[in-house]
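In what follows, a structure is listed as structure tokens, so that the remarks can point back to it.
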Amino acid sequence: MKIAVALFLFFTLCLCDENLTTGGDLQIQNSATLNLEQNDSVQTPVPGSAQTERNPAQPTPKEHTPAVDMSFQSFFKNAHIVVKAAMGILLLFSVMTWTIFLAKFIQFKFAFSRLKKDSLACERINSIDEVLKLDRNGFAVQLAREIKDEIKRSKTVNASLKNRVKERLELKNANLIHLAKSHTGILASIGSSAPFIGLFGTVWGIMNSFINIANSNNASLSVVAPGIAEALFATALGLSAAIPAVLIYNYFVRAGLNFNVKIDALSSRIYLIFDRQCDAA
């Protein structure tokens, strides 16, 4: 009897435990299902709602701004007629600067070569007639011709003749120095005026750009930048024409001073030859 009561109690406890376990599982499943439904109701936006408008499905594509042509041809083509005139003058100045540079560089190169050759030759010469036998295109022959011409015009050889010969040599030296320094003043004028011409083109271009901005009622960078760039390009041209002109001018000034010293030395050497010839006579 006791054994039967014990078995009855054991089976009763097992059935109660199984019911409790099954009820807990069903409660957990119902709770999970409820949470999923709540999440779906929160996360799923209603079409046409504010959330849908704040988070669009696809981003709006940006508009493509065309690139602005910043080449020299575009600057010159789109510039005002006054700015075009300033650019044309500055380009002409630049061409003149480099043309003068090439011409004067070759001229000074040959001049210094002749001076060196004549100076070495006059060290071994004792008469004006021997000097006249040198290169006819040289400076020594030109100076000797001045002495020979003054001797022919004078009746006697005396102190006054020496003074006249010295004056003739000084005049000839001044003429040769003037020829050597010719056209260098143009470089000085270009170097001093080119920046102001470029600045004038810049001021005019900026003023015209502001007028266009006022007429178009648009102050965006795509409208302002091209006009300002065209105006500043005139200043850049002015500086590009002025800087080489000033540097080249200073170079030729130094070359002219060097030429002045060497031609004076050659003239003094030839005059000494004439003086010794007069004393020997």
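The values are calculated or read from the model by the stated rules, or taken from the named source; none is laboratory data. Quick caveat: nothing in here was measured; it's all calculated off a predicted structure. As a convention, Cβ positions derive from the backbone with ideal geometry for all residues, glycine included, and neighbour counts pool all protein chains shown.
Is it the case that the stretch 83-102 has a residue that's modelled with pLDDT of 95 or more, surrounded by fewer than 14 Cβ atoms within 10 Å (Cβ to Cβ) and under 30 Å from A265 (Cβ atoms)? Yes, because at least one residue in the stretch 83-102 is modelled with pLDDT of 95 or more, surrounded by fewer than 14 Cβ atoms within 10 Å (Cβ to Cβ) and under 30 Å from A265 (Cβ atoms). Return a yes/no flag: does the stretch 242-249 have any residue that is out of contact with any Phe, Trp or Tyr (no Cβ under 9 Å at 6 or more places or on another chain), in contact (Cβ under 8 Å) with a residue 60 or more places away in the chain and under 30 Å from S113 (Cα atoms). Yes, there is a match, as at least one residue in the stretch 242-249 is out of contact with any Phe, Trp or Tyr (no Cβ under 9 Å at 6 or more places or on another chain), in contact (Cβ under 8 Å) with a residue 60 or more places away in the chain and under 30 Å from S113 (Cα atoms).
Considering the stretch 258-281, the residues that are of a type in the set (G, A, S) and in a helix (DSSP H, G or I) include one that is farthest from L171 (Cα to Cα), namely A280.
Within the stretch 182-194, the set of residues being in a helix (DSSP H, G or I), in contact (Cβ under 8 Å) with a residue 24 or more places away in the chain and surrounded by fewer than 17 Cβ atoms within 10 Å (Cβ to Cβ) comprises I186, A188, S192.
So that you can scan it fast, the table gives a plain yes or no per residue for (1) touching an Asp or Glu at 6+ places or on another chain (Cβ under 6 Å); (2) part of a helix (DSSP H, G or I); (3) in contact (Cβ under 8 Å) with a residue 24 or more places away in the chain:
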| residue | (1), (2), (3) |
| --- | --- |
| K133 | no, no, no |
| Q142 | no, yes, yes |
| E146 | no, yes, yes |
| N163 | no, yes, no |
| E167 | no, yes, no |
| K172 | yes, yes, yes |
| N208 | no, yes, yes |
| N215 | no, yes, no |
| N218 | no, no, no |
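Starting from residues that are out of contact with any Leu (no Cβ under 7 Å at 6 or more places or on another chain) and among the hydrophobic types (A, V, I, L, M, F, W, C), keep the ones in the stretch 126-146 and report whichever is farthest from A280 (Cα to Cα). Filtering the stretch 126-146 for residues that are out of contact with any Leu (no Cβ under 7 Å at 6 or more places or on another chain) and among the hydrophobic types (A, V, I, L, M, F, W, C), the one farthest from A280 (Cα to Cα) comes out as L134. Cβ separations smaller than 6 Å between residues 6+ apart or across chains give the following pairs from the stretch 78-89 residues that are over 14 Å from I190 (Cα atoms) to residues that are in a helix (DSSP H, G or I) and charged (D, E, K, R): A79/E230. When we screen N126, N137, N208, N215 for residues that are modelled with pLDDT under 90 and surrounded by 13 or more Cβ atoms within 10 Å (Cβ to Cβ), the only hit is N208. Hey, among the residues in the stretch 256-279 that are touching a Ser or Thr at 6+ places or on another chain (Cβ under 9 Å) and over 17 Å from R164 (Cβ atoms), which one's modelled with the lowest pLDDT? Among those residues, the one meeting the criterion is R276. Please specify each residue of the stretch 96-125 satisfying the condition of being touching a helix residue (DSSP H, G or I) at 6+ places or on another chain (Cβ under 9 Å), of a type in the set (V, I, T) and more than 30 Å from R276 (Cα to Cα). Correct list: T97, I100. Residues considered: A234, A255. Of these, the only one that is assigned to a helix (DSSP H, G or I), within 25 Å of the chain's Cα centre (by Cα) and closer than 30 Å to H183 by Cβ is A234.
Please work out which residue is nearest to F139 (Cα to Cα), limiting yourself to the stretch 220-241 and to residues that are of a type in the set (S, T, N, Q) and touching a residue at least 24 places away in the same chain (Cβ under 8 Å). Outline the logic, then answer.
Quick first cut of the stretch 220-241, residues of a type in the set (S, T, N, Q) only: 220, 222, 235, 240.
From what is left, the residues that are touching a residue at least 24 places away in the same chain (Cβ under 8 Å) are 222, 235, 240.
On the way: S222: 64, T235: 44, S240: 37 Å.
Ranking the qualifying residues of the stretch 220-241, first place goes to S240.
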